[in-house]
Amino acid sequence: MFRPVVSSAAALVMLAMAHLATPAAAHPAGACTPVLEKPAQGAAVTPQFDVRVKVDMSTNNCQVDRIRLRVFDKGADNMVFSRQWECCDVITNRDPVVDFSIPDGELREDTTYIVSVRFYDKHIGFSPGSDPAMAEVRTTVPQYRTKRQAQGFQPMVFAVNRKGRFGHGKAGSAAQARRTALDFCDAPGCEIVSKPVRARCHALAQRTRGGYWWGVGAGGSEDAARDRAKRFCEQNQQGSCKISYTHCQQ
């Protein structure tokens with residue numbers, strides 16, 4: 001279970017617990033614990049980061065009727081996003097019960113968030129007690145900021161299906177760039193993985209062995225874009241990502 005280091009943010013943790021807490025109780029067999037597999041604690045990720053939740057299977061056949069995800073802005077001490085799923089019944093395997101990407105526009109760049117997940121069992125209440133699974137996440141700063149970002153270059157964007165298939169889009173508008181990227185990706189599960197950028201060069205790095213990791217980089221040169229893409233991809237998998245595609249505008 002990931003837990004954030006919040007020594008300087010006790011007020012936020014108290015706020016999160018105030019939103020989520022219910023009276024602690026003795027739990028019968030079947031109570032189960034959420035485990036945040038992604039994002040890794042302290043990892044820098046895009047504002048559209050993934051949240052993947054599994055179940056601690058140390059309790060056999062645990063019961064889950066509802067899952068609540070909440071995201072708190074650590075600096076502002078308030079909840080900024082929430083989502084709830086009716087779910088699951090009895091859990092008997094180790095597959096994720098939540099595999100969810102934060103929607104575009106909900107969170108900001110260069111911000112620290114606390115992610116909290118709780119299970120609810122209609123027979124016993126929140127499980128276990130008043131203790132959610134929590135993780136601290138820092139979103140990345142924009143990778144390319146120059147005066148030319150607002151003029152001269154067309155917006156570019158990547159789409160991936162998280163299995164190695166990808167598409168790149170460049171067009172006169174961000175909306176058309178997204179459509180082009182999705183058209184070229186052309187596979188089940190393809191989705192846009194970064195905001196359109198007006199950089200000169202754009203690169204995608206991927207790793208598909210043993211899981212899936214990706215990184216998008218932008219810069220004023222091919223080398224700069226490729227280096228940023230690899231560094232972003234290899235935050236948690238050092239030295240294992242390869243450049244899949246690079247495009248530079250003239």
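Structural remarks
- Restricting region 23-54 to residues that are over 18 Å from the mean Cα position of the chain (by Cα) and at pLDDT 65 or above, the residue that is farthest from GLU234 (Cα to Cα): CYS32
- Residue that is nearest to the chain's Cα centre (by Cα) [pool: residues in region 162-175 that are outside any loop (DSSP other than H, G, I, E, B) and crowded, with 16+ Cβ neighbours inside 10 Å]: PHE166
- Neighbours by Cβ (under 8 Å, 6+ apart or cross-chain): first from region 188-208, on the phi > 0 side of the Ramachandran plot; second not small (Gly, Ala, Ser): GLY189/ASN161; GLY189/ARG162; GLY189/LYS163
- None of GLU191, GLU222 is in the same structural domain as MET156 (by TED's automatic domain parsing), at pLDDT 90 or above and within 18 Å of GLN48 (Cα to Cα) except GLU191.
- The single residue among CYS233, CYS248, CYS185 that is in contact (Cβ under 8 Å) with a residue 24 or more places away in the chain, over 22 Å from THR139 (Cα atoms) and crowded, with 19+ Cβ neighbours inside 10 Å turns out to be CYS185.
- Restricting attention to region 194-208, the residues that are assigned to a loop (DSSP other than H, G, I, E, B), farther than 18 Å from ASP50 by Cα and not small (Gly, Ala, Ser) add up to 3.
- Restricting region 58-83 to residues that are at pLDDT 85 or above and farther than 18 Å from THR139 by Cβ, the residue that is farthest from the chain's Cα centre (by Cα): ARG66
- The single residue among GLU109, GLU86 that is part of a loop (DSSP other than H, G, I, E, B), at pLDDT 75 or above and acidic (Asp, Glu) turns out to be GLU109.
The values are calculated or read from the model by the stated rules, or taken from the named source; none is laboratory data. Keep in mind that this is a model prediction, so the values were computed, not measured. When we count neighbours, we look across all protein chains shown, and the Cβ atoms used for this are built from the backbone with ideal geometry, even at glycine.
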